[in-house]
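A.B. asks: One structure coming up, written as structure tokens, with questions to follow.
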Amino acid sequence: MFTGIIQTIGRIAGVEARRRDRRLTIQAGKLLRGVKPGDSIAVAGVCLTVIERDDRSFTADVVPETLARTTLGTLTRGSRVNLERAATPTTAPGRGAPAGPGGDGSRVTPLTSGGRGGRVRCFDRGQF
């Protein structure tokens, strides 16, 4: 889940085409303190999973569905992007209400899965 509060501005250090996916390398600096592979970072408002990281940057794979439905497919080397780490139980209060599938009592239902991507349907509490 995310608060919606941008924590830093990152820069795209690399874009690698990989069959239908893309692998992004994003310079993030201090935001990466304590981040490990498998953690989530919102890039331009899109939740991505950290695949690898070093002291200055991280890599994340972007599946075709995400490329088609967000602005991530238009990013090039040097593009600036808003970054935010996922909220945790210790995220300071007053920084915005966490948002994300299931974080507010909503329901997430898988619709399809295929390859490395898929679709889900999210319902507000009042819809189920």
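A.B. asks: Where in the stretch 12-76 are there strands (runs of 3 or more DSSP E), lying wholly inside it, with at least 2 residues that are of a type in the set (Gly, Ala, Ser)?
C.D. replies: Strands (runs of 3 or more DSSP E) meeting the threshold: 40-43, 57-62.
A.B. asks: How about the stretch 1-47: which of its residues are surrounded by 15 or more Cβ atoms within 10 Å (Cβ to Cβ), without any contact (Cβ under 8 Å) to a residue 40 or more places away in the chain and closer than 14 Å to Thr59 by Cβ?
C.D. replies: Residues satisfying the conditions are Arg23, Thr25, Gln27, Leu32.
A.B. asks: Considering only the stretch 67-79, I want to know if a residue exists there that is at pLDDT 95 or above and surrounded by 19 or more Cβ atoms within 10 Å (Cβ to Cβ).
C.D. replies: Scanning the stretch 67-79, I find at least one residue that is at pLDDT 95 or above and surrounded by 19 or more Cβ atoms within 10 Å (Cβ to Cβ), so the answer is yes.
A.B. asks: Let me ask something additional. Would you check which residues across the stretch 2-41 are touching a Cys at 6+ places or on another chain (Cβ under 9 Å) and at pLDDT below 95 and list them?
C.D. replies: Passing the criteria: only Phe2.
The values are calculated or read from the model by the stated rules, or taken from the named source; none is laboratory data. Because the structure is a prediction, the values reported are computed rather than measured. No Cβ is skipped: glycine too gets one built from the backbone with ideal geometry, and neighbour counts run over all protein chains shown.
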